Amino acid sequence: MARLLPKRDAVIIGLGWTGAILAQQLTEAGLNVVAIERGPWRDTASDFNIAYIQDELRYGIRKELFLQPAVEAMTMRNNAAQTALPMRDYGSFLPGHGVGGAGVHWNGASWRFWDGDLQIRSQLTRRYGAKKLTGLQLQDWGVTWNELEHSFDQFEYLCGISGKAGNLKGQIQAGGNPFESPRSRGYPTPPMKMSYAPSLFARTVTELGFHPFPTPSANLSTAYVNPLGVALGQCTYCGFCERFGCGNYSKASAQTTILPVLMRKPNFEARTECEVLKINLTPDGKHARSVTYLDAQGVEYEQPGDMVLLCAYGLMNVRMMLLSRIGQPYDPVSGKGVVGRNYCYQTSAAARLFFDGKNFNPFIGAGALGQTMDDFNGDAFDHSHLDFVGGAQINCIITGGRPIGSRPTPPGTPRWGAKWKAETAKNYQNSMGFASQGSSYPVRENYLDLDPTYTDRHGRPLLRMTFDFPDNDIAMSHYVSDRMETIAKSFNAKSWAVSRLKKGWDAVPYQSTHNTGGAVMGADPGTSAVNKYLQSWDVPNVFVIGASAFGHNGGRNPTGTVGALAYWAAEAIATKYIKSPGALVPA
Amino acid sequence: MHTDARSLSRRRLLASVAAVPILAATADFFSASGRSISGQVPWSPFAGAPPRPVNPLGWYFFTPGEAAAVEAIVDRLIPADHLTPGGKDCGCAVFIDRQLAGSFGQANSLYTKAPFAVGLPIQGYQGDLTPAGRYRLGLRALADYTHGAYKKDFVQLSPAEQDAVLNGLDTGKIVLKLKPGFSTREFFELVLQNTMEGFFADPLYGGNRGMASWKMLGFPGARYDYRDHIDKHNVRYPRDPVSIYGEA
């Protein structure tokens, strides 16, 4: 029997980026908030200690800060004809764990999705006709650029993002991204300094007529004090960003931007090492009463709340909805149902160049240090005569040349022995790469549901992921790889190779922790699980916040848009929902 | 580590609970392992979990025969030459031994629940053996193979014969007697991956002695501030590596 705890105004599940933003905004609005977090408390000095965080084996390879499959795994398959089996170790993507969530070990590339993403179906239909989208479940997100711009701005100023505006209120700015949607003001801090490889990349693609610009980065170019009064330090380009917590207070995370303020508030409480099992609904299924959780000793508690904010990693948000019977599960056969619908990923390829006599110093890096061009991203280029929609950014980002994971050799080099060693030694300083990060568009067959066989440590079904790269996205990626060939050739390197994405998503090699969809936002309850304010259509006192709300994935990292959606939802709750609890949009 | 902070927050909580009797039920909760944090940013001096350097002497997991085989294997995967000492002298076998004796070897973080089915390559390793168990079975099968083919242990083969065996495992030409769900290829990949981890990881884990691989590459190791060099494009970084425990 669960022990019943006193009711709170809001119960937050998961204290990562979105949980921290919601908690900060709602405690400001006067609510009494408790956040329940499965993992441990984590902070810079104690857990990302600068004396030993630069440990590739511990954090980069053994993945100490990440969610461990023993805690929660998922099953996967490429299509419904296969039997899904558990990812016994996480490989292709690495969800976060503990306070700060994946925001602890993210790279910091901080993008805004475009107006053309938010209204993707209407804009593409207008330009190319509805037939162009046959087979794709692309849909508008139910929110417009003008509505969301302020929320993007809030997240960027919270973090102190370093970048160069490309479109200020409609005026294109030299040196910025000319394809971005108009922003109301520039970035809070100037771009990072560039190391050799991204500078060379920018020069090369500029000569080809493209438009490179500094990647907007949450690794800060300079010290910064955010609107909450929290100070961040200047990035030292140490090259231990991705998979690591920042020991230098230079990477924006919940720890470095919000928690120092939030944790001091009397109307906020964090409960760590406590795992929510489910959200409990009233018998009619239309109202969330409470959440049930276990502490680390396995003692069960029931925490009632006037509202429940689901702020876990996007995939876990979807699983929690399915376990709690919130919203109709998606059925890929009929195409009906919404929870688990429009699961998308990221469609990427890479180029690698080898030179003689260079010193690229690849260890000088940061998660978002580099240059990007969007000339072939989204709908920035004409698709009239192409057999796909979507696109990819092409970027040269130097996250750090940590040698267990990063020791490039030319194709054909043996993987061990004397020849391997000689080539490894020779090419470490002589190689650079660039990559494409492409859009991932929804199709009927890609979805999330509960696995019929495998369960977690508490006996609950694991999430089952059925995913393969759709033909549209493969065609897109190959088109962009062709452009990458042209770019690679222009470097006049000694040799080079461009990878090509193949069908058959493989769960083993790391690709991207940009899993999106499954509880998407929209204007139609028949095709979306949450409304434009990320409020459940079915259980209006539940809000589901995260990349789970993305109707599709764009060709860029999701966190900037996740942060914006968190502010957007928080504002709707604070200004609309609290005054008049209930559905904010009539179903 | 967190003990001080935890007891501090427990005291704080009990104090606040005393004023609000209805919360009394929660007191038990906080004597358990969950942790309540409110009104403060938790802080305790000298908190942290620094890694513990391995003791380089002896074997913690391998039997003497296994250790000899693994030392011979890592010495062929990473042969001694003018660039670095061989894998054995770099400590790669010690590294693997300590990893197998620890949480990695025991698969503590992995999903190990049944049922175990033979999967597709895209689904990754699906066997029921821990990494330690895979080494134990794989090394035994390797010894069986070399005794069948050469009537010798792996360590007794000439370097050229050792390379031929390793090549056979790598290319699939040699198939060891393992078990369903654990292929020869998976065994070789595990050994190769762990050997490279040992060669390139911080020396505190037992491999990369003298930071040999880092010196070979020009990787500065645990340094964390390159602000003085980011603008120096195409200029070699002038400083030697340092390790987490200050080896320089």
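Bear in mind these aren't lab numbers, they're just calculated from the coordinates by the rules spelled out. For clarity, every value in this text was computed on a predicted model and none was experimentally measured. Here the Cβ positions follow ideal geometry from the backbone for every residue, glycine too, while neighbour counts run over all protein chains shown.
The residues A:Ile258, A:Ile53, A:Ile61, when put in order of fewest to most other Cβ atoms within 10 Å, stand as A:Ile61, A:Ile53, A:Ile258. For A:Lys265, the aspartates and glutamates whose Cα falls under 18 Å of its own Cα, not counting residues fewer than eight places away in the same chain, are A:Asp9, A:Glu28, A:Glu37, A:Asp43.
When the scattering of region B:64-217 is computed by the Debye formula from its Cα atoms alone, each counted once and equally, what is log10 I(q)/I(0) at q = 0.09, 0.18 Å⁻¹? Treating every Cα as an identical point scatterer, log10 I(q)/I(0) equals -0.29, -1.11.
Whole-percent P(r), region A:114-194, all Cα pairs, 5 Å bins from 0: 3, 14, 19, 19, 16, 12, 10, 6, 1, 0. Each 10 Å bin from 0 upward holds the following percent of the Cα-Cα pairs of region B:165-243: 17, 30, 23, 18, 10, 2. In terms of distances greater than 19 angstrom between alpha carbons, the cross-link table entries A:Lys489/B:Lys232; A:Lys358/A:Lys494; A:Lys131/A:Lys503; A:Lys193/A:Lys494 yield A:Lys489/B:Lys232; A:Lys131/A:Lys503; A:Lys193/A:Lys494. Distances between placed amide hydrogens fall under 5 Å for A:Cys344 paired with A:Thr516, A:Gly517, all partners being 5 or more residues away or on another chain. Ordering A:Trp496, A:Trp145 from the fewest to the most neighbouring beta carbons within 10 Å gives A:Trp145, A:Trp496.
Over all projection directions, the Cα-based convex hull of the protein assembly as shown averages an area of 33.5 nm².
Along region B:74-80 the Karplus relation, 6.51 cos²θ - 1.76 cosθ + 1.60 evaluated at θ = phi - 60°, assigns HN-Hα couplings of 5, 6, 8, 5, 10, x, 5 Hz to successive residues, with x for each Gly and Pro. List the residues, sorted by chain then number, that are 5 or more residues from A:Ala296 or on another chain and whose placed amide H is less than 5 Å from its amide H. For A:Ala296, the qualifying residues are B:Ser33, B:Gly34. One chain, two ends: A:Ala81 and A:Thr413. Fully extended at 0.36 nm per residue, the span grows by 115.8 nm beyond their Cα-Cα distance. For chain A, the 222 nm mean residue ellipticity estimated from helices alone, with every DSSP H stretch of n ≥ 4 adding -39500 (n - 2.57) and the total spread over all residues, rounds to -6000 deg cm²/dmol. The shape of region A:296-433 can be summarised by an equivalent ellipsoid whose semi-axes, obtained from the alpha carbon gyration tensor, come to 43, 25, 16 Å from longest to shortest.
In this structure the amide hydrogen of A:Leu85, modeled in the peptide plane, comes within under 5 Å of the amide hydrogens of A:Met76, none closer than 5 places in sequence on its chain. For region A:567-576, putting each phi into the Karplus relation 6.51 cos²θ - 1.76 cosθ + 1.60 with θ = phi - 60° gives couplings of 5, 4, 5, 4, 5, 5, 5, 5, 9, 10 Hz, in residue order, rounded to whole numbers and with x for Gly and Pro.
The phi torsions of region A:431-441, fed into the Karplus equation with coefficients 6.51, -1.76 and 1.60 and a -60° offset, translate into couplings of 10, 9, x, 9, 9, 10, 10, x, 5, 9, 10 Hz, rounded to whole numbers, with Gly and Pro shown as x.
As a length-normalised measure over Cα pairs under 8 Å and 6 or more apart, the relative contact order of chain B settles at 18 percent.
The distance between label points at B:Asp153 and A:Asn492 comes to 5.7 nm (points 7 Å beyond Cα on the Cα→Cβ vector). Computed from label points 7 Å out along Cα-Cβ, the spacing between A:Glu147 and A:Thr455 is 4.1 nm. In terms of other Cβ atoms within 10 Å, A:Glu273, A:Glu207 run from fewest to most in the order A:Glu207, A:Glu273.
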